[in-house]
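Trainee: Okay, here's the structure, questions in a sec.
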Amino acid sequence: MKTNAKTGKIIGYILLIILMVISSLFLENLLLMGTYALLMDVLKISPQILMQQDIWIEIVVNTIMLGIYFGIYQMVFGKEKQENSIGLTPKYVGQSIVMGLGVAGISFLWLTFAEKIPSFSESMSILAKAEYAMRGLNPAIIILLIVILGPILEELAFRGVIFRSLGKIKKGWFPIIVSALLFGLCHMIFVQSVYTFVFGLVAAIIYEKTRNILYPILCHMAINLMSAISGMIPKGIGEMIINIVAVIMIVPMGYFLYKMLRRTENVQQTAPQQF
């Protein structure tokens, strides 16, 4: 009976992982379609007005998704105590931010290499168009959508639910590698999938060693902030300085990862945060 119960739980976690992956690919578009249908067909708002407010509709949809993901996270893992959870401390906050900046440096080096490969030209063109579109947005909206909402959403989905579900199936490096692989694949564009896979590894290690979802969120916010700033400022000396700083941060990122991987399980708890 115990074996059957364990098998049933594993199947349940596998189904949950599949659900979260599918939702990360399609849920936003489905909610956007539903929202536009509601506003146009029921509330009779003209398409022209909606086109002018499309970014705010996207923010509302992302906020709804945040509520859905947080609800799933709390429903599945909310009552489960995280052993050896590290509360918010300046040390780990700083390390998480530095590691995010280091991943931004790796991303810059990878994209610099990828743009020289002809077979990657289509992927690079898609990324360039996305960056161009971002340049026309209000900086406050960029911060809200890309630096705040985006990281919280993705970390709840991939580290909060998918990583922890994988950890119920098998311990060790399995949940770290598989959750990072899924995170990279879900970004669809190959050149982007490479550095998002790297980030997924870093974020999963941070979560594994701190047992606090806030730390990978901070790490994610750091890399997205670097990307947002790079996209908002004119190309030139400012962008070059940002990229140099990001590349330099690769060194402390590697050191902090090394220290974190060597961290023992018998860690002193500091006001555990359950998020």
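The values are calculated or read from the model by the stated rules, or taken from the named source; none is laboratory data. Here the structure is a predicted model, which means the values were calculated and not measured. Ideal geometry is used to build each Cβ from the backbone, glycine not excepted, and the neighbour counts take in all protein chains shown.
Trainee: Using beta carbons and a limit of 7 Å, which pairs, at least six apart or on different chains, have the first residue in segment 48-67 and of a type in the set (A, V, I, L, M, F, W, C) and the second one surrounded by fewer than 15 Cβ atoms within 10 Å (Cβ to Cβ)?
Mentor: LEU50/MET40; ILE55/ILE141
Trainee: In the list LYS129, LYS91, LYS81, LYS116, which residue meets the criterion of being exposed (fewer than 12 other Cβ atoms within 10 Å of the Cβ), in contact (Cβ under 8 Å) with a residue 12 or more places away in the chain and not aromatic (Phe, Trp, Tyr)?
Mentor: LYS81
Trainee: Still on this structure: From the list ILE68, ILE72, pick out the single residue that is of a type in the set (A, V, I, L, M), modelled with pLDDT of 95 or more and farther than 30 Å from ARG263 by Cα.
Mentor: On the way: ILE72 fails: farther than 30 Å from ARG263 by Cα.
Criteria check complete, one pass: ILE68.
Trainee: If you take the residues in segment 89-120 that are modelled with pLDDT under 95 and β-branched (Val, Ile, Thr), which one is nearest to GLU239 (Cα to Cα)?
Mentor: That would be THR112.
Trainee: Next question, about the same structure. Quick one: which of ILE248, ILE217 is of a type in the set (Val, Ile, Thr), modelled with pLDDT of 90 or more and crowded, with 22+ Cβ neighbours inside 10 Å?
Mentor: ILE217
Trainee: When you go through PHE256, PHE174, PHE197, PHE183 one by one, which is the residue that is in contact with a Ser or Thr (Cβ under 8 Å, 6 or more places away or on another chain) and modelled with pLDDT of 90 or more?
Mentor: Answer to the selection: PHE183.
Trainee: List every residue pair whose Cβ atoms lie under 6 Å apart, where the two residues are 6 or more positions apart in sequence or sit on different chains, the first residue falls within segment 231-255 and is within 17 Å of PHE199 (Cβ to Cβ), and the second residue, located anywhere, is of a type in the set (Phe, Trp, Tyr).
Mentor: From segment 231-255, the pairs are ASN243/PHE108; ALA246/PHE108.
Trainee: Considering only segment 136-154, state which residues are in contact (Cβ under 8 Å) with a residue 60 or more places away in the chain, among the hydrophobic types (A, V, I, L, M, F, W, C) and either loosely packed, with under 15 Cβ neighbours inside 10 Å or not in a helix (DSSP H, G or I) (or both).
Mentor: LEU137, ILE141 - these are the residues of segment 136-154 that are in contact (Cβ under 8 Å) with a residue 60 or more places away in the chain, among the hydrophobic types (A, V, I, L, M, F, W, C) and either loosely packed, with under 15 Cβ neighbours inside 10 Å or not in a helix (DSSP H, G or I) (or both).
Trainee: Return the residues of segment 187-219 that are free of Cβ contacts under 8 Å to residues at least 12 places away in the same chain and among the small types (Gly, Ala, Ser); say none if nothing qualifies.
Mentor: Passing the criteria: only SER193.
Trainee: Please verify whether segment 160-175 includes one or more residues that are among the aromatic types (Phe, Trp, Tyr), without any contact (Cβ under 8 Å) to a residue 40 or more places away in the chain, within 16 Å of MET260 (Cβ to Cβ) and in a helix (DSSP H, G or I).
Mentor: So far as segment 160-175 goes, yes, one or more of its residues are among the aromatic types (Phe, Trp, Tyr), without any contact (Cβ under 8 Å) to a residue 40 or more places away in the chain, within 16 Å of MET260 (Cβ to Cβ) and in a helix (DSSP H, G or I).
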